Every structure is written in structure tokens, then in C-alpha cells.
Amino acid sequence: RPRVLSGIQPTAGSFHLGNYLGAVRQWVALQEAHDAFYCVVDLHAITVEQNPKELRQNTRVSAAQLLALGIDPDRATLFVQSHVPEHAQLGWVMQCLTGFGEASRMTQFKDKSSRSEAAVGVGLFTYPILQAADILLYQAHYVPVGEDQRQHLELTRDLATRFNSRYGKTFRLPEAYIVKDTAKIFDLQDPTAKMSKSVPGGVVELLEDPKRSAKKIRSAVTDTGREIIFDVENKPGVSNLLTIYSALTGRTVESLVADYDGKGYGDLKKDLGEVFTEWVTPVQERVRMYLDDVASLDKILARGAERAREVAAGTLRRTYDKIGFILPE
Ligand code: AQP
């Protein structure tokens, strides 16, 4: 079975609709026919300052959300990044292989550092290099991510190629697995920007009160005119709502457009608020259930880490050997 690897940050506690539709939804689908590894990337979370108590809680809440959204720990390997020390170890090797200019060209760093009011740490700069290590450790064939991660995946491939040509074939070159329709979910208040947890306002959080989400959807920025049609260029707001609607219900955009013929933006937003509420309510219930039994949740994660380490340790050992490190017996 082809292998997939992907990760999600535990930073904000709740995932948002962009994380779900752009990434986690694919994770759930891929676990059926793939050898899937999914991790909550707490090492990445500390690239910005975290409150220790909140980080611990958010990591569990993230794992609970993945389970509630359909990740099956008997099929997929679900784990926490810091439980597998090989991530940090291979991360260092990859850092030594990366050019300074190459790292400087990563647009996510430019975006995030320019938005940050606090001092920016080196970890935020080297974040995509650790991400490369995350992926390469598992020799993943595919990496299901949103469009915003495409550049990071290119870096991963470049580093794998460089290592392989310098030391001999060691890493598989992974491919991005990006589902076009939901590759980028846009902010409800600014439908030209991606929905993102660091720009609050138009972001729909999975764990907030659904009434609040429905209200955000009702007050989403739409476009001039009245007609409900899918036209990303001229009607980004309405198109974004149609994308979300379609993804949550499994209905095609065309059939939605046909249904809303003659109706107004208000109708579409009100209905989408209801669709979202209906979808998210049982998800929230399941999240609560997992969090009510932290001991069992931690056990699932420990089991996942053990399976992940079996693969990661093998790759790291081969890598160290190629580099010329003396392998401990
Ligand atoms: N708006 C989005 N549309 C589609 N996919 C998205 N993803 C994030 N935003 C969108 C995908 O979600 C996965 C996990 O993301 P993450 O939590 O690891 O990191 P992120 O990209 O930093 O999330 P945010 O909300 O976008 O945070 P900030 O504001 O910190 O940048 C990834 O696969 C990502 O593609």
C-alpha cells in the first residue's frame, strides 16, 4: 500500500474549516487504501510562543478532533510528533543540507514573520526544513495538504534529491496530494485571503459554538450583484460559500447553483449555516467523548508513536550511516 504522511498544528485548540476541507478530509479518505501516518506537530507549534498548559491541552484536543473527524487509529498511525525523537534528529540533518537563500524564499515565513508582533524565532524560519524531515522519515509517497503547503513540499523534494545524489539513494521523493476543489478555503470576511487561524475574523472554528459559526457565515462578505453563480474571479465570496456547501454535503456546485436560481445570498448563507451546524454538532460530541477519557486517548497516541518509531528509527539509522556517523551497537 502506498504510504501517506501529513501533520497538523495543535496551536489554536480548534481546527478551522480550511484545515478540515483542505487537509483532514483527505486524510480520512486516504486511510482506507493507504498506509497512513498522521501526526499532531507539537514541535512545529513551538515556533511561536506557547503556554505549556495550553499546548498540552491543545495537543490532546487536536488528536481528539482527528479521531472525531474519522481518523481510525486501527487503520492509520496517529501520533504526536515530539513522541518520535527522530523528527528532530533528521530535522538537524536537513538543516545542514539547506541553503540560507533557499530557506529565505519560503513565503509562509515571510507572511507569518511580517504579521508577528513578537520577536520572530529561528524555528519559524527553519519550520519547512523540519517539515521535510517529518515527511522523509516515513518514505511517504503522498502528502495530503492544502495549496499553501505546495512550496514546502517542493523544498522537501529538493532536499531529498540533494541528499540522494550526495550520499546515494536514501529517500523517496514524495508527491503533494492536493484536491483541487478544496485546496484553498478562503476567509469569510476577506474571500481573497486563505482562511487562517492567525487572522481571526472570517475563520470558522470547528469547536466554537455552532451558533457563532452560523452567524459568521450569515455575515460573510459576498459580492456585488445578486446572482448565485460560481465565479472565483468576480464572485470570490459566493464561490467560497458554494465550495464549502458542496464539500459538506457531497452535492455538486452545479446542482447547488441550479437550486438557488432566483434566490438571494441571504438564503444561501442561512442554509449553509444550518448545513454546517448539522455537520459539526456530532463532531463536537465525539470530541467531548474522547476528551472525557484522556487516559484512553493518551494510550491511542502512545500506540501510534510506537508504530511510527519503528519506521522512523530505520530511516534515521540508514541516514546516519550514509553520512558517516558511527552507528551505536
Ligand atoms: N484555508 C485553507 N484552505 C485549505 N487548506 C488549508 N490548510 C490550512 N488552511 C487552509 C491546510 O491545513 C493543514 C494543516 O495546517 P496547519 O495547522 O498545520 O498549519 P497552517 O497552514 O499554519 O494553518 P493556518 O490556519 O493556515 O495557520 P497560520 O495562520 O498559522 O498559517 C495543512 O495541510 C494546510 O495546507
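A few points about this structure:
- Translational diffusion of segment 25-184, estimated by Stokes-Einstein from the Kirkwood radius over alpha carbon pairs at 37 °C in a medium of 0.692 mPa s, is 196 µm² per second.
- A Förster distance of 41 Å, applied to the separation of the beta-carbon atoms of SER219 and ARG1, puts the FRET efficiency at 0.40.
- The value of relative contact order for the chain, using C-alpha pairs under 8 Å at least six residues apart, is 22 percent.
- Rolling a 1.4 Å probe over the heavy atoms of the protein chains gives segment 109-169 an accessible area of 46 Å² per residue.
- Working from label points 7 Å from Cα in the Cα-to-Cβ sense, the LYS322 to ALA193 distance is 4.1 nm.
- Dividing the summed -39500 (n - 2.57) terms of all DSSP H runs of n ≥ 4 by the residue count of the chain sets its mean residue ellipticity at 222 nm at -17000 deg cm²/dmol.
- Interatomic Cα distance distribution for segment 277-329, bins of 5 angstrom, percent: 4, 16, 13, 12, 12, 11, 9, 8, 7, 6, 3, 1
- For ALA36, the amide hydrogen comes within under 5 Å of the amide hydrogens of VAL4, THR77, counting only partners 5 or more places away or on other chains and with H modelled in the peptide plane.
- Accessible surface of segment 1-98 [probe 1.4 Å, protein heavy atoms]: carbon and sulfur percent: 49
- Using the 1.4 Å probe convention, the accessible area of segment 239-281 works out to 44 Å² per residue with neighbouring protein chains retained.
- Cleavage-rule hits, GluC sites (Glu not before Pro), segment 66-144, DSSP coil, Cβ neighbours within 10 Å at most 16: GLU117
- Across segment 176-231, the volume of the C-alpha convex hull divided among the residues equals 120 Å³ per residue.
- In segment 152-200, Cα pairs under 8 Å separated by at least six residues give a relative contact order of 23 percent.
- Gain on full stretching of the segment that runs from GLU175 to ALA29 - 0.36 nm per residue minus C-alpha separation: 50.9 nm
- Above-threshold pairs, the threshold being 32 Å between Cα atoms, out of LYS112/LYS322; LYS197/LYS269; LYS53/LYS269; LYS110/LYS216: LYS112/LYS322; LYS53/LYS269
- Separation of segment 138-154 and segment 190-263, taken as the distance between their Cα centroids, equals 26 angstrom.
- Viscosity 0.890 mPa s, 25 °C: Kirkwood-radius Stokes-Einstein D of the chain over Cα pairs, µm²/s: 118
- Positive end of the dipole of the chain (Cβ unit charges, origin at the Cα centre): among GLY266, ALA160, PHE125, the Cα lying farthest that way belongs to ALA160.
- When segment 229-329 is reduced to its Cα atoms, the Kirkwood hydrodynamic radius in Å: 18.3
- Quotient of Cα Rg and 2.2 N^0.38 Å for segment 57-152, N being how many residues it contains: 1.22
- Gaussian network model of the chain, springs between alpha carbon atoms under 10 Å - residue of SER114, SER219, SER239 with greatest fluctuation: SER114
- Taking segment 232-246 and a reference point 7 angstrom along Cα→Cβ of LYS263, the backbone N atoms nearer than 13 Å belong to 242, 245-246.
- When the Cα atoms of segment 73-117 are aligned to their principal axes, the ranges along those axes come out at 40, 26, 19 Å in descending order.
- Peptide packing for 245-255, 31-41, 66-76, 143-153 was compared via the average number of neighbouring C-beta atoms within 10 Å per residue; ordered from the highest value, the list is 31-41, 143-153, 66-76, 245-255.
- Relative to the 2.2 N^0.38 Å rule of thumb, segment 104-201 has a C-alpha radius of gyration ratio of 1.23.
- With every protein chain in place, segment 177-326: carbon and sulfur % of accessible area (1.4 Å): 52
- Rolling a 1.4 Å probe over the protein heavy atoms of segment 102-159, with every protein chain left in place, gives an accessible area that is 51 percent carbon and sulfur.
The values are calculated or read from the model by the stated rules, or taken from the named source; none is laboratory data. Note that the coordinates shown come from a computational prediction; the quantities given were computed from them, not determined experimentally. Glycine also receives a Cβ, built like all others from the backbone with ideal geometry; neighbour counts cover every protein chain displayed. Quick note on the areas: whole protein, heavy atoms, side chains included, nothing else; ligands and nucleic acids left out. Shrake-Rupley method; radii C 1.70, N 1.55, O 1.52, S 1.80 Å.
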